[in-house]
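To keep things clear, I will list the structure first and then write my remarks on it.
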Amino acid sequence: MFKPLSIAILAASLFASPIAFSADKTSVKISAPWEINSYDPAVSGFAFHRLQVMETLVDADTKGVLIPGLATEWSATEDGMSWTLTVREGVKFHNGTTMTAEFVAKSLITALAKPGMLKKAPIKSIEAKDGKILIQMEKPFSALPALLTHNTTVISAPASIDAEGNAVAAIGTGPFTVDTFTPPQGLSLKRNDDYWGDKALLESASYLATSRAETRALIAESGDADLVFNLDPSGFAHLKDVDSVTAMADAIPRVVSLKLNASHKFLDDARARQALSMAINRQGIATAITRFPEASATQLFPPVLSEWHDKDLKPLTNDVEAAKKLLADLGWKAGDDGVLTRDGERFKLLLRTFPDRPELPLIATALQDQWGEIGVELEVSVSSYSEIPKGHKDGSLEVALFARNYGLTPDPIGTTLADFGKGGGDWGAMGWDNATVIDALDKISQTSDASVRSENIATVVKAVHDELPLIPVVWYQHTVSVAKDLKGYVVDPLERNYGLSKVSWGK
Amino acid sequence: MTGPNITIAVEDLVVHAGSKKLLGPISFELPAGNALVIMGETGAGKSLLAQAILGTLPDGLSAEGIIHLNGERIDQLSSQQRSAFWGREVAILPQEPWRALDPLMIAQSQVRESHRYVAGLSRKAAKQATATDFQTLDLTGAEKRLPSALSGGMAQRVAFAAATAADAPVLIADEPTKGLDAERSHTVIELLAKVPREGGTLLAITHEASVAKHLGGELLVLKSGDLVERGATKQVLAQPTADYTRELLDAEPQVWPTTPTTEAGEMLLEVKDVAVSRGERTLLQGFDLTLLAGERIAIAGPSGVGKTSLLDVLAGLQIPSAGTVTRSNQVSSTGIQKLYQDPPAAFPARVALGKSLKDVARLHGEDWSKVLAYLSRLGIDESLLKRRPDEVSGGELQRISIARALTAKPAILLADEPTSRLDPITQRETLAMIADIAAEKGIAVVLVTHDAVIADKWADRRVVLSEFPKRQY
Amino acid sequence: MSNQAILATLPVERRFPIWRVLGIVLLLFLAVCAVMGPDLIGVDPFKQSLMHTLQSPSAEHWLGTDHLGRDMLARLLSGAQLSLSLAALSVLTAAIPGTILGIVAAWRGGWTERGLTLFADAVLALPGLLLVLMLAAISPGSWWALYVGLSLTLWVEYFRYTRQRARVVLSEPSVESSRLLGFGPMHVVRRHLIPEIGPGLLTIAAFGAATAVTAVAALGFVSVGIRPPTAEWGVMMTQLLPYWREAPFLIFQPVICLVITVLALHLSVGGRKL
Amino acid sequence: MLQRSVFWSALAGRAVQAVVVAVVVGIISFAMMQALPGDSAYRIAAGRYGYDMMDAASADQVRTELGLDQPVVVQLVSWLGSLAQFDLGKSSVSGSPIAEELKTQMGYSLLLAGAGLLVSLLIAIPVGIMAGLKPGGWFDRFSLAASIFFRAIPAFAIGVVLMLGFAVHTKLLPVAGFKGPEYLVLPALTLGLGLAAVSSRVIRDAVSEAMSAEWRLFSRTKGLSSKLTLSRHVLRNAALPVVAYVGVQLAFLIEGVVIIESVFAWPGIGHALVHAIFGRDVPMVQGTALALGLMYVVLNLIVDLTCHGIDPRRSKTA
């Protein structure tokens, strides 16, 4: 049954290969780990946005400064209870439909109904009025424009959704249109010649989701893809020595940290959490596992989040003896097998993490060894990341290890509010309700006054640093391999946009 | 040495297994139009002679001596080089044609490929030649049959046609009648006898004097690899000089003395109006038999008549499609034992014989010394028991299986052609032993044979089965 | 042509082939490694040294260190324990029911055989991977789930082989003769079936052992399987894959261990046919 | 006449099996998915929205949307009900109809599996025959060692080595993806090598058995050359056990595909199945399992018919 077909294919492949490899300099090929499952922006908005198929109302430059996107301007009323955004004129969707305020409002309302960034803002209603979008708030929220840069708020044409509300196409406004879509791995793009802004320099682009980092490194080296994202440390080290590509790494506001259940009886004292933090050899992890020694975390927020990073904060240190002493002060005594005990209970914790980011299980294994040094027995469960929010909700979580992106929007307040606000957050504090911090976060979210902001941010940063509801381990580096002759590529530290429209081939 | 007419010439041929001599030295010359018959009991090295000439000796055996085939010296040639002669210079008729035919290929194709590729005929001519072969060999109707659907005689004739398609001047036939019933073996002998008459050369290997007699020509008698007598076949058969030759001739069933009749005891088994069928085909109908203790009954009849199935019915292994088989209460559940045609198939293949026998002795609470006594009476050395069934000869194995059956203290012994694969001397000895022991222990024996002479000479009573009218398909 | 008669008269040589000796010695060696484990060299297989990762073999670390600076030799020895017992257990739990059902099917014939065959076919049709993945997911991190899953898919091979061969063996006159002699089914199994099909089963088992370990590797590849920091050959293969470029000798170490195991099994079985 | 009846009886047998497989696979996969620990609403939300976006709120939303709080029996019955109408439902994660997803993914997987099988036979047949012609010879030993090696080395390692050799160093073939026929070569080769490791041994055994048969010797002594004997008799006889083995191998083939699809970014069904299990996409798992099961049944039917084609004895008895 297969034979004739396969023989034909094999034969064809022998002749086809030279042609397929001839230089095609009007196109760029991208490879990244993320699979694209659906047309639904709530699910796949990240990809459509990064690949510039869809756009957001508000855009951000590489420094995180907000700039006009599909909205030309925006403003809030004095009391902060209502926002008005002016929709750009003369923008057409890929199917030729003109983008109107009504369509934009409809798209936002759809996004609001689904899990996504808009949910983080206290939005009461969204409507279109005189070519403008009117958003009513339940309480003031200064970061709304920043939220509107997020990929779950991309604007898509009404034709993207069928009568039953299912997403059936990806019709956006960006410089590229979807040519073919082979979920979950493949997407190929054509230039949108009707684009409202600067048209793309290249005619087409293609995207291949490659879940294995090893494969991506090989793809980068062989030249099968020109832009390859998220390289594994080993592959990255190798690509630095490969002449045909440039391997780049940039600090991004993603942090690998441990979430501790501060209401757990072993962890409810800040000193216990400090002891655990002191037991971590961050330098070793950053050197051996993530391979960016300079990115070992000295505090939660990395320098790239300049507003939230406090240079003067006393860095987190690695001091096993001090850690042991702190725990001894809390009544823990080493048992026969070296594991601490108190009141007949062993200091044993279960850490939940997930394999989607390959370094996490490795870091967990390293932590297991390092905490073992101070007599804490750590069991590691590598499973789905959904176990973490679930464990948070039902209170069964003890320790979780994950990588949190504080740069989902240029202003991290949305994220921090969710993480350290009242009741903590799925990916933030657990069992740690700090009234000062909650109050400070509220103030940050409602004000546009820079000094009020920075004062309250300092409060939050210090409290988090001292009490460690989250123990930072390493900061993230965004790694990209770029073909040597590809010009115009700029790393976006917010991981929002690949900037494909600006790249071109040159010598 | 080699005259123009000499097709095979062998000079001082010796076959060794390591340091042990298995055959030779043997010398002979065989002119065209003649037959050479090599006779001897199993294990005498007859087959080795043919294999040494052909270059098909098994690994570990080596041949020395000078061999000429059709005027060319071939003993220095490798098996690969000699294979060029096969089929073209010398045709080889296989021993068990049934196993020599490709089980997946219909009969005519197996002959046709010889015409096509060995004789080098065109596709059309090969087809024609095959059709002629099937006609002359009386195989019409068998063209499209698979070997499994051929009788032994038909298979032998198909093999004959396939082997001789290229008209090789020499034909070597190794025990061509093995396992065939009288009528069928006669057809094959006729076929072979025609070879020298038509100017070919025949080298036949057999253990049956009757075959030698039919083929004529020259006769070599081998014993344990040594040549004991040679001469014109007629002459040797009529006036043997060596004792061994005489012994061989005496072993022919025709000259056996009639086994003395035994006194029959009480009834052991009663068979009434039994019908036997295989699959949908009815083989036998309305069969009656009463079996008395100590009695020897021979069931004779041509192949395929249902003898084996009948035996299975008697043994209780098969349920008759009609009628009844009643055992007397004298006969215990293991009171019926069976001897098989192919002795190696009757023993667990990978278990040493001694172990198999000990199992039986233990099961039946028989003393091991008693088993050893049976064995020594049957002429089996205890040292053989360390071997596995495929490491002893058929005759020895059949005797061991008799000892095994006796250990179970049977009342009835069913023997399914127990000697058809043995040479005449062994056959005679084995059957005589069975008769002796049966008489002594009052065991009833049912012997199935296709040889009416054996049935006549050996049994108290004989039952001849004739072919049940075949249904038309 | 019949040489049996003549060969039968030759003295029987029961040579025990040197290859089999080698295989058995290797197996014993592996068994010692597995039983003694890392105690053999007295190095902790879990002790990390993040400053000494991916090192080449040296006097201190005979086989180098892994990506977390752990001693490879100690981990391979510790892995031998788990991998070999996993392989042995999954092979046994697959082989025993598979063989028994195969014999039952061949023995009973008729509807029993048809039913069992249909069942085996249905099991094969159920993607084994699905079974293993789900079992592994039901009990995350435990390795008993892995081998139960493996056994559930692997038994069919034994079943098919046994049924097919047993049918041939059971139809031989020797079995009939044993029954006539009064032997029960156990004798037939012990003396007729086991000697006949045993070597073939062992060959399947030898490959099955490899299947078990590489299946663990495959599962590790899709991030299912044994919890850290456990050392297991298959898991090690997966974990060391990312470093194939920097330290290719590392990923090949567990592979070589598995090759040696399978080779030893093959050799000691005597290279019988499948 | 005979041939036709064989065909229909084989077809009927497999049809029964197909129905059994459909129901059994559906129920088992459903039952096992229910037995999985963890809250499926959370898993589905994770599968849909990614870790930056999923939280308890999105899980609750998923739960309501998919009716996961309905009793288990109701869910199963509704699945079986729609199955009877040949409707496989919609994926919980992507929301698209499963039949549609399967169509693309199955096509890619079949292509990969077919090519892998072909490659494995292209390797295994010559190797197996060479080894089987001289059992115990050096080539036999060498190929055994190679078999063991390829059996013991995980597919992903083979894949990486092949990528390095053929795609990175020599740039003959692409590393991964699926844009043209040339993309099929490396994954098929990876798959084929693993399969050939075992099938070459099966072929070797079949050939060596055929070589020691008496009819093989007779074919030679009646004058056919060793080549003709091989091609006209040995191979045909040896093909029987080999074809039967391919039937068993198919089951393992389907699994081998998973790893290879992952390594080579091939949009196949195995890769999808793994994601579906992790994502607790029950309808997708059921649909995939069903499709794989039925594919196995169909391929086995082909194997059956091939066996009947090779062995005329079967037709007579069937």
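The values are calculated or read from the model by the stated rules, or taken from the named source; none is laboratory data. Keep in mind the model is a prediction, meaning the values are calculated, not measured. Here Cβ is always computed from backbone atoms with ideal geometry, including for glycine, and neighbour counts include all displayed protein chains. For accessibility, only protein heavy atoms count, side chains too; no ligands or nucleic acids. Shrake-Rupley method; radii C 1.70, N 1.55, O 1.52, S 1.80 Å.
Numbers at a glance
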{"quantity": "Residue with peak Gaussian network fluctuation, chain C [Cα springs, cutoff 10 Å], from C:A218, C:A122, C:A210", "calculated": "C:A122"}
{"quantity": "Longest segment of chain C lacking trypsin sites (Lys or Arg not before Pro) that sit in a DSSP loop with at most 12 other Cβ atoms within 10 Å", "calculated": "C:16-274"}
{"quantity": "Sequence-distant residues sharing a close amide H with A:L351 (under 5 Å, placed H)", "calculated": "A:E379, A:V380, A:S381"}
{"quantity": "Anisotropy class of the stretch B:46-199 from Cα gyration tensor, a/c 1.5 cut", "calculated": "prolate"}
{"quantity": "Test item: D:176-189 mean partner chain Cβ contacts at 10 Å", "calculated": "6"}
{"quantity": "Estimated FRET transfer efficiency when R0 is 30 angstrom, pair A:T26-D:V161 (beta carbons, to 0.05)", "calculated": "0.35"}
{"quantity": "Residues along the stretch D:259-296 losing 30 Å² or more of accessible surface when the other protein chains are present rather than the chain by itself (probe 1.4 Å)", "calculated": "D:I259, D:S262, D:V263, D:A265, D:P267, D:H271, D:L273, D:V274, D:I277, D:F278, D:Y296"}
{"quantity": "Protection-proxy order for peptides A:361-368, D:269-276, each taking the mean of Cβ atoms within 10 Å per residue, highest first", "calculated": "D:269-276, A:361-368"}
{"quantity": "Surface per residue (accessible, 1.4 Å probe) for chain A, Å²", "calculated": "37 Å²"}
{"quantity": "Centroid-to-centroid separation of the stretch D:12-42 and the stretch C:85-148 [C-alpha atoms, Å]", "calculated": "16 Å"}
{"quantity": "Most mobile listed residue (C:L150, C:L201, C:L50) in chain C, GNM with C-alpha springs under 10 Å", "calculated": "C:L50"}
{"quantity": "Sparsely packed trypsin sites (Lys or Arg not before Pro) within the stretch A:152-245, loop by DSSP, other Cβ within 10 Å at most 15", "calculated": "A:K199, A:K240"}
{"quantity": "Distance in nm between pseudo-label sites at B:Q239 and B:A84 (7 Å out along the Cβ direction from Cα)", "calculated": "4.7 nm"}
{"quantity": "Buried solvent-accessible surface, both chains (D, A), 1.4 Å probe, Å² to nearest 100", "calculated": "4900 Å²"}
{"quantity": "Gyration tensor (Cα) of the protein assembly as shown, equivalent ellipsoid semi-axes in angstrom", "calculated": "81, 34, 30"}
{"quantity": "Shape call, chain C: gyration tensor on alpha carbons, a/c limit 1.5", "calculated": "oblate"}
{"quantity": "Ordering of D:282-288, A:314-320 by burial proxy (mean other Cβ atoms within 10 Å per residue, highest first)", "calculated": "D:282-288, A:314-320"}
{"quantity": "Chain-alone versus full-assembly comparison, the stretch B:97-112, residues with accessible loss of at least 40 Å² (1.4 Å probe)", "calculated": "B:R99, B:A100, B:D102, B:P103, B:L104"}
{"quantity": "Averaged over D:38-44, number of beta-carbon atoms from partner chains that fall within 10 Å", "calculated": "5"}
{"quantity": "Most to least accessible of B:E175, B:E89 (protein chains only, probe 1.4 Å)", "calculated": "B:E89, B:E175"}
{"quantity": "A:E78/A:E127 FRET efficiency (R0 22 Å; Cβ-Cβ; nearest 0.05)", "calculated": "0.65"}
{"quantity": "Solvent-accessible area per residue, Å², over the stretch D:67-184 with all protein chains present [probe radius 1.4 Å]", "calculated": "44 Å²"}
{"quantity": "The stretch B:287-379: chymotrypsin sites (Phe, Trp or Tyr not before Pro) in DSSP coil with no more than 10 other Cβ atoms inside 10 Å", "calculated": "none"}
{"quantity": "Separation in nanometres of the label points that stand 7 Å from Cα toward Cβ, at C:S142 and A:V339", "calculated": "1.8 nm"}
{"quantity": "Between the stretch B:195-226 and the stretch A:130-205, the alpha-carbon center distance in angstrom", "calculated": "98 Å"}
{"quantity": "Whole-percent carbon and sulfur share, accessible surface of the protein assembly as shown, 1.4 Å", "calculated": "57 percent"}
{"quantity": "For the pair C and B, total buried accessible area rounded to nearest 100 Å², probe 1.4 Å", "calculated": "3200 Å²"}
{"quantity": "Neighbouring partner chain Cβ atoms per residue of B:341-349, average, 10 Å criterion", "calculated": "6"}
{"quantity": "Computed E for C:K47/C:Q164 - FRET, C-beta separation, R0 56 angstrom, nearest 0.05", "calculated": "0.65"}
{"quantity": "Total accessible area lost when C and A pair, probe 1.4 Å, Å² to nearest 100", "calculated": "2100 Å²"}
{"quantity": "The protein assembly as shown: calculated mean residue ellipticity at 222 nm from DSSP helix runs of at least 4, using -39500 (n - 2.57)", "calculated": "-15000 deg cm²/dmol"}
{"quantity": "Virtual spin-label span in nm between B:Q285 and A:T100, 7 Å along Cα→Cβ", "calculated": "9.6 nm"}
{"quantity": "Choice from C:T162, C:T53, C:T153 with maximal GNM fluctuation in chain C (Cα, 10 Å cutoff)", "calculated": "C:T53"}
{"quantity": "Sequence of D:V258, D:V243 from largest to smallest accessible area, 1.4 Å probe", "calculated": "D:V243, D:V258"}
{"quantity": "Packing rank of A:457-468, B:264-275, where each peptide gets the mean count of other beta carbons within 10 Å, highest leading", "calculated": "A:457-468, B:264-275"}
